[in-house]
Amino acid sequence: MATAAAATTATSSEAHVPIADVGDQLLAILPKIALVLAVLIAGIIISALLRRATRWLVRKTGLEALGERVGASKALYAIGAKGSVAHLLGTVVWIAGLLLTFSVIAEMLALPGLAEGVAAVTGFLPRLIAAGFVLVAGMFLADMVRTLVIRTGERRDGARLESPALVGQVLYYTVLTVAVAMAVGQVGLETDLINVLIAVVAGALFLSLGLAFALGVRGVVKNVTARHYLQGVCAPGDRLTIAGERGVVLRFTATSVVLEAPDGAHVVVPCALALEAAVRVRRAGGRGPEDPDDAANNVNPEM
């Protein structure tokens, strides 16, 4: 009986030893758990504050207005990201703060695998942000090029492009495609296929632009050529009749001749009309229009 009692006592002691060890271990890790919770709470609070500060800074510096103007909000909506540019950047900063917090916690808990994974994601974020800035800058440049082309093509003086709005849109999407390719390359993805497509599209675009410009300036070239011819047969002060318009030559512009009509009005006549109809010239101080030698001054440029 004594032997059995001793065995029972030994067994009870052995059963109580692991429980005591577990209690000691819990007491030992309680400070670490408290520290982890403190780091987690602090990280969440700091990330939230940084998110709010980022959104405020983006709005105050005008970046949000710039993003609205170049169509960044529409692009975000197209990919399913609802919200403004400030909201998106604030969210990115918030996620980055949380990832840094989780990385610190993983290091504290001696979890190298988790720490490396979080570090990889955290290291990818700067590249993602840089790609976003490249994309926004590309959208701004594309919008600026489109506006410049449309305004230049709609000018009343000089060469005019055929369908400047269409050319502007083509240029806009071309520049935007290049920006997307650069952003994808910044992220680290392969862009060989995109680069080939961009080269093909750019070649077709430049060919189209060259053709559009040639068609747009054909009238200008024709008028400049006709002006050179017309200056050879008349000069300021001569009386000129061209395409039904009659008056005294006042001056030549780049593409036209300015006449003073009998009623004193100034008439601007495109020089290209001299290539399509007979031109009657009476030299300054010469004989009147009924002079039979006026026929010698009738010039038909097609002859």
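Some notes on this structure:
- Gly237 touching a Gly at 6+ places or on another chain (Cβ under 9 Å) and at pLDDT below 75: no
- Each residue in segment 42-59 was checked for being more than 15 Å from Ala96 (Cα to Cα) and over 22 Å from the mean Cα position of the chain (by Cα), and 2 of them qualify.
- Segment 149-165: number of residues that are out of contact with any Gly (no Cβ under 7 Å at 6 or more places or on another chain) and modelled with pLDDT of 75 or more: 3
- Residues of segment 240-282 satisfying the condition of being in contact with a Gly (Cβ under 6 Å, 6 or more places away or on another chain) and loosely packed, with under 14 Cβ neighbours inside 10 Å: Ala261
The values are calculated or read from the model by the stated rules, or taken from the named source; none is laboratory data. Just so you know, these numbers come straight off a predicted model, no measurement behind them. Every residue, glycine as well, gets a Cβ built from its backbone with ideal geometry; the counts of neighbours run over all protein chains shown.
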